[in-house]
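Trainee: Please find one structure pasted underneath; my questions will follow.
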Amino acid sequence: MAPHLPDEVIEIILSALILSTGDVELLHSTLSSLSLLNKQWHRVVEPSLYKIVYGGPKGGNANLTRTLIHNRYFGPYAKALIARRSPLTDWKVGGVALQHVLQFEEEPGHRKSKNWYKKAMVHLPVLLPNIEYLDVLEAKKSSSSRPWLEAIRTSQSNLMPSTIGGPCFSKLKRLDADINGMAVAELYPVFRLPAIEILNFLGGNLLMPFSNAAVARYFETWPQIRTKIKHLNFTHAIPPPDTLTLKFIAAAVPNLCSLTFIGHKKHGFGANLFRSIIDTFKIPITNPNFYKLEMWDERATKPDKFDRLRYRTTMRDTFLHSPMKVLKVDFCLIRCLWFSSQNFILLPKTVHTLILRSTITHSETWVSPFLQCLDDLLANVVHGGYPNLKVIMAELQAQDLLGESVLDGLKEAFGDEGVRFECVRKKDCAWTLARALDELWLKVLPQY
């Protein structure tokens, strides 16, 4: 029998436990065990136990749904729903009507099957009116639609039954979603959520669908959307041949604080498209609250062949007016802002942390252009060009490692100016040291 403690002491113990435990499953298991100690612990632990509702890929979906359907007072406790690899991420054959879930009362001797409760999990958000965080990553299959998106779409229509106490998703602030197979333009119900602030998308296609009806719907809906979204992240999205979808999104998020585009190894964005995206998101990037821009491809890219005056002018104007403090980009993206003949590189004056990824796979000189650019950046720092710059991280390829003495000199020189300079090896680099030595041999051979 657990000793009787004041409720305040138990709440302090629970707060420390929640802060120190990062694993959701472990935290849920621990809280479940504590709630079984005695009635007092169960009464105090109960709100915390259902604060994070976890529906994992194993057999917990049915038990979770069953508990929440038959104990409706648990629902308002929930602030987060973790539903990876669940019926909310992938469609199941058959289904359960929402009306049946809301009006269902299990009679003795007539229990519903486990599969029924699994299918009913699609309607779980209706029972959780106060959730602020929804995690629907790790979908099993690619699909043009998702159950969680249909739930959001339904919540914004007149189809929602009046028996529900409060509107679901009205307090949702963060969404982490796997959208592989989906058109990003179809996500306008998400952008219309009243409290949404953080969107992290994995996969998806940025190409505008060709259906006339769909295009007409987008042109009618997207221009009316103005959100309070602060953080927008697209990871492994399929890049489009145009920026129409991105223009809709950029107009809907004028108050961004951070913007991230990370290209997949198989279908990267490339410097040209990244610059076009910067042009498209010029208003969000230059708003007073913006502080972080992250644009890079996971694969090694070829030398930039699209160094056009238009993009150079656009990026120069955007960087001059942006208040960003953190910048992580591929070197080929900002190479158009490096004036090697003048030993000058144009960066935002407010930048505090700069993370540059080496992307040049061929060089005619002994020292790679990437290292030459860093040397010119050092000269700019010495002359007071970037007084706020405090951290530089260079992600190197094997070719850059051949200039180890140059890197050591840069690290010492930047340190003298109060700038912390670090070098790391790119994990996704297509260059091997053997290939770098082959390139070096080709440069040495003509001299003999």
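The values are calculated or read from the model by the stated rules, or taken from the named source; none is laboratory data. All of these numbers come straight from a predicted model, not from anything done at the bench. Cβ sites come from the backbone with ideal geometry, for glycine too, and all protein chains shown count toward neighbours.
Trainee: Restricting the search to region 110-144, which residues are in contact with a strand residue (DSSP E or B) (Cβ under 9 Å, 6 or more places away or on another chain) and assigned to a helix (DSSP H, G or I)?
Mentor: 124, 125
Trainee: Looking at region 215-227, I want the residues that are more than 15 Å from residue 183 (Cα to Cα) and have a partner that is part of a loop (DSSP other than H, G, I, E, B) with Cβ atoms under 6 Å, at least 6 apart or on another chain. Which pairs are those?
Mentor: As it stands, the answer is 225/192; 227/253, since those pairs meet every condition given.
Trainee: Within region 219-239, track down each residue that is hydrophobic (A, V, I, L, M, F, W, C) and either in contact with a helix residue (DSSP H, G or I) (Cβ under 6 Å, 6 or more places away or on another chain) or part of a strand (DSSP E or B) (or both).
Mentor: Listed by number, the residues that qualify are 222, 225, 232, 234, 238.
Trainee: Then there's this: Identify, from the list 378, 346, 354, the residue that is at pLDDT 90 or above and under 23 Å from residue 318 (Cβ atoms).
Mentor: Just one listed residue meets the conditions, 354.
Trainee: Of the residues 151, 195, 183, 216, which is in contact with a helix residue (DSSP H, G or I) (Cβ under 6 Å, 6 or more places away or on another chain) and either at pLDDT below 90 or under 26 Å from residue 90 (Cα atoms) (or both)?
Mentor: Criteria check complete, one pass: 151.
Trainee: Quick one: would you say residue 391 is surrounded by 15 or more Cβ atoms within 10 Å (Cβ to Cβ), under 23 Å from residue 286 (Cα atoms), modelled with pLDDT of 85 or more and of a type in the set (A, V, I, L, M, F, W, C)?
Mentor: When the stated conditions are applied, residue 391 passes them.
Trainee: Which count do you get for residues in region 187-218 that are part of a strand (DSSP E or B) and more than 25 Å from residue 141 (Cβ to Cβ)?
Mentor: Number of matching residues: 1.
Trainee: Inside region 184-210, can you point out the residues that are without any contact (Cβ under 8 Å) to a residue 40 or more places away in the chain and aliphatic (A, V, I, L, M)?
Mentor: Residues satisfying the conditions are 187, 196, 198, 199, 207, 208.
Trainee: Then there is this: Looking at residue 92 and the list (1) surrounded by 17 or more Cβ atoms within 10 Å (Cβ to Cβ); (2) part of a loop (DSSP other than H, G, I, E, B); (3) of a type in the set (Lys, Arg); (4) at pLDDT below 80, which single condition is not satisfied?
Mentor: (1)
Trainee: For region 241-263, give me each residue that is in a helix (DSSP H, G or I) and aromatic (Phe, Trp, Tyr).
Mentor: Selection gives 248 alone.
Trainee: Something else: Within region 154-180, how many residues turn out to be modelled with pLDDT of 85 or more and either part of a helix (DSSP H, G or I) or in contact with a helix residue (DSSP H, G or I) (Cβ under 9 Å, 6 or more places away or on another chain) (or both)?
Mentor: Total meeting the criteria: 6.
Trainee: Name the one entry in 320, 327 that is at pLDDT 85 or above and buried (at least 20 other Cβ atoms within 10 Å of the Cβ).
Mentor: Of the residues listed, the single one that is at pLDDT 85 or above and buried (at least 20 other Cβ atoms within 10 Å of the Cβ) is 327.
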